[in-house]
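Chemist: The structure's right below; bear with me while I get my questions together.
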Amino acid sequence: MEGIDFTAKVIESCHVPGGRFELVEWHWPDIVSFERTEHQLMLEMSLPPMSADASAYFPDIAPDRRCFMGALFVRHPGIAIGGRSEGRQIRVIRCLFDDKHGRAIMGEGEPSLPFLQGLLNIRNDALRSLMRLTHRELINPLGRSPEAMEALFQLIRVELRRVFHQAAGAATASRLAPWQFRRVRERIEAGAPMPGVAELATLCGISPRHLHRQFIALTGKTISAYIETYRIEQAKLLLAAAEVPMKQVAEQAGFSHGNSFARAFRRATGLSPREYRQRSAALTNEASAM
């Protein structure tokens, strides 16, 4: 929204080895829409009574898939997030991590859409309690203990790493969601040029490696095997129509060359395309004669 300053007002802050804590505040209109990309890992918790409900989405991954954004959340660095929130006065306690600690917490691999959505509504009582203790210590500048702040930072770091590890493990072990498989299937059925794994992974909001694992878990086939099976089935339908030239059958089934089509078809059926057409015609004639 034009005219709105998204810069937070820092009320209190405290630097610790590996990062810092901040208590920040915004003053917005009643309803505000936003789209932001963070470049630093931070755990945030909105504080009652100055907290607000929000819906969120990832414009570069799944702009039509909205989710709830709770009081305890992480906006994954480098990934744009958009949303709509109640406005007015909003206050948030933050734990920010430097690049080294942030990378250690996040680990390797590309986050999936369900994983990113889960980070926007973290259900972890330990982290919630630690953030409350941090807030209490942070707003007491006269009696604030540097040792206590460092200890809280380390405990939050360890617990947040567990959240990332557990969520990533669950996402890796899971199968594709119905909406993800539908997107893969619709793109394949859209025809030539046939998509690569990278394109399909982008449609699903996950990395190619995760797509490969989750697709096998759901279908029992690799993506390339699934695509070839689909192309062969399409070719069978076209071959059953005697008026479709063989070259056109190959092209419409997504094969760039007649020879590669013939090899793939024989590998899948044990017949050449011509033999399959002849058998299909014979069966049709037999059925008509009955």
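Chemist: Given the C-alpha atoms of the chain, compute the convex hull and give its volume per residue in Å³.
Modeler: Values: hull volume 50.7 nm³, N = 290.
Each residue corresponds to 175 Å³ of Cα convex hull volume.
Chemist: Next question. Show which lysines lie in cross-link reach of Lys247 when reach means a straight Cα distance below 19 angstrom and same-chain residues fewer than eight apart are skipped.
Modeler: The reachable lysines, counting only those whose Cα sits under 19 Å from Lys247, are Lys236.
Chemist: Same structure again: Return, for the Cα atoms of the range 99-219, the radius of gyration and Dmax in Å, separated by a comma.
Modeler: Rg, Dmax (Cα atoms, Å): 19.8, 68.
Chemist: Taking loop as defined by DSSP and a crowding limit of 12 other beta carbons within 10 Å, which GluC sites (Glu not before Pro) in the range 63-166 fit?
Modeler: Values: sites: Glu86, Glu108, Glu137, Glu147, Glu150, Glu159; in loops: Glu108.
Filter output for the range 63-166: Glu108.
Chemist: Using just the helices of the chain, give the 222 nm mean residue ellipticity in deg cm²/dmol: DSSP H runs with n ≥ 4 each add -39,500 (n - 2.57), and the total is spread over all residues, rounded to 500. Walk me through the numbers on the way to the answer.
Modeler: Values: 11 runs with 142 residues, N = 290.
Estimated from H runs of four or more residues: -15500 deg cm²/dmol.
Chemist: Further question on the same structure: Per residue, how large is the accessible surface of the chain? Use a 1.4 angstrom probe and give square angstrom. Please list the in-between numbers first.
Modeler: Working: 15600 Å² over 290 residues.
In whole numbers, the chain has 54 Å² accessible per residue.
Chemist: Over the range 169-270, what percent of the accessible surface lies on carbon and sulfur atoms, probe 1.4 Å? Spell out each step's value before the answer.
Modeler: On the way: 2980 of 5430 Å².
For the range 169-270, the apolar C and S fraction of the accessible surface comes to 55 percent.
Chemist: Here's a follow-up. Taking the Cα centre of the chain as the origin, how large is its charge dipole in debye, to the nearest 20, when only Lys and Arg (+1) and Asp and Glu (-1) carry charge on their Cβ atoms?
Modeler: Numbers: 37 positive and 31 negative charges, 226 e Å.
Rounded to the nearest 20 debye, it is 1080 debye.
The values are calculated or read from the model by the stated rules, or taken from the named source; none is laboratory data. The shown structure was predicted, so the numbers you read here are calculated from the model rather than taken from an experiment. Quick reminder, even Gly has a Cβ in these numbers, built from the backbone with ideal geometry, and neighbours come from all protein chains shown. Only protein heavy atoms, including side chains, enter the accessible area calculation; ligands, DNA and RNA are left aside. Shrake-Rupley method; radii C 1.70, N 1.55, O 1.52, S 1.80 Å.
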